[in-house]
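K.L.:
Submitted below is the structure of interest, expressed as structure tokens.
The numbers here are math on the coordinates, done by the rules we state, and not lab data. Every value quoted in this text rests on a predicted model; they were computed, and no experiment measured them. Ideal geometry is used to build each Cβ from the backbone, glycine not excepted, and the neighbour counts take in all protein chains shown.
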Amino acid sequence: MTTLALGGVAIVMIVICSILLLLVVIIIGMYNALVMLRNRVKNAWAQIDVQLKRRYDLIPNLVETAKGYMKHERETLEAVTVARNQAMAAAKAVASNPADGGAVRSLGGAEGSLRSALGNLTVAMEAYPDLKANTNMLQVQEELTTTENKVAFSRQAYNDSVMVYNTKRESFPSNIVAGMFNFSEASSFEIEDAAEKEAPKVQFT
């Protein structure tokens, strides 16, 4: 083989190696971008999680305060407690992996049930004007309203992060890398009018 031919082979090998190196660099870049966006989803969820925990901590105080007045509304109060516990368990599942779409959807359903139970409690409270005027109840309701606003803001930020991540994950050629490295689809946190909160401990005596 002549020197010219050897030189040609060397050039071809250099070109092939350069193309392969470029492909590796591109794949690494897309992988890192997906990791960054997935971490943003997790961080955004952490902000929601803080507010959800505040809400779950507050609900027993709400029930405890109402219990002293609503002695004939036991089923309504128990329904709130059950729904709260179910939502809290669902939230823990999401906290372990915020990119798990199934867990986020399950939490959305649990939060919908909790909202419904709280709505029933609010309706029942209308028959107890003394309860509605109770200082502890007013304080708890104020905390609920404040935290609900924080949850709504955090949820919007989370859903925006999910949209950006999913768009990157589904776009070509990032979708190839996402499939290779198992970047699963994230789900938006949608609930039918959610609310989540915390508050000072109240004990009805």
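K.L.:
When the chain is fully extended, how far beyond the present Cα-Cα distance does V9 get from K92, taking 0.36 nm per residue of separation? Don't skip to the answer; put the middle values down first.
P.N.:
Values: separation 83, 0.36 × 83 = 29.88 nm, distance 5.94 nm.
This chain segment gains 23.9 nm when fully extended.
K.L.:
Something else: How large is ³J(HN,Hα), in whole Hz, for each residue of region 8-14 in order, when computed from phi with the Karplus curve 6.51 cos²θ - 1.76 cosθ + 1.60 and θ = phi - 60°, using x for Gly and Pro?
P.N.:
Rounded to whole hertz, the list is x, 4, 4, 5, 4, 5, 5.
K.L.:
Rounded to the nearest 20 debye, what is the charge dipole size of region 97-168 about its Cα centre when +1 sits on each Lys and Arg Cβ and -1 on each Asp and Glu Cβ?
P.N.:
Dipole size: approximately 280 debye.
K.L.:
Given charges of +1 on the Cβ of Lys and Arg and -1 on the Cβ of Asp and Glu, with all other atoms neutral, how large is the dipole of the chain about its Cα centre, in debye to the nearest 20? Intermediate results must be reported in sequence, preceding the final value.
P.N.:
On the way: 20 positive and 21 negative charges, 111 e Å.
Roughly 540 debye for the chain.
K.L.:
Then there is this: To the nearest 0.05, how large is the calculated FRET efficiency for R74 and T146 if R₀ is 30 Å and r is the Cβ-Cβ distance?
P.N.:
On the way: r = 29 Å, r/R0 = 0.96.
That gives a FRET efficiency of 0.55.
K.L.:
Between I27 and M163, take the C-beta separation as r, use R0 = 25 Å, and let me know the FRET efficiency to the nearest 0.05. Please report the intermediate quantities before stating the final value.
P.N.:
Numbers: r = 24 Å, r/R0 = 0.95.
That pair, I27 with M163, gives E of 0.55.
K.L.:
Could you tell me which of rounded, prolate or oblate describes the chain, using a ≥ b ≥ c as the square roots of the eigenvalues of the alpha-carbon gyration tensor, with rounded for a/c under 1.5 and, failing that, prolate when a/b is larger than b/c and oblate otherwise?
P.N.:
Details: a/c = 5.14, a/b = 4.33, b/c = 1.19.
Because a/c hits 1.5 or more and a/b exceeds b/c, the chain counts as prolate.
K.L.:
Next up: By how many degrees, 0 to 90 and rounded to 10, does the Cα axis of helix 101-125 deviate from the longest principal axis of the chain?
P.N.:
20
K.L.:
Still on this structure, please answer the following. Longer than 23 Å from Cα to Cα, which of K53/K132; K53/K168; K42/K92; K92/K168; K71/K132; K71/K92 are they? Say none if no pair is.
P.N.:
Over 23 Å Cα-Cα: K53/K132; K53/K168; K92/K168; K71/K92.
K.L.:
A further question follows. If you line up the long axis of helix 74-96 against the longest principal axis of the chain, both from Cα atoms, how many degrees apart are they, to the nearest 10?
P.N.:
Once rounded, one gets 20 degrees.
K.L.:
Could you compute the FRET efficiency for F153 and D100, with r as their C-beta to C-beta distance and R0 at 25 Å, rounded to 0.05?
P.N.:
Values: r = 23 Å, r/R0 = 0.91.
Taking R0 as 25 Å, the efficiency between F153 and D100 is 0.65.
K.L.:
Using alpha carbons only, how many angstrom separate the centre of region 28-61 from the centre of region 68-136?
P.N.:
About 22 Å separates the Cα centre of region 28-61 from the one of region 68-136.
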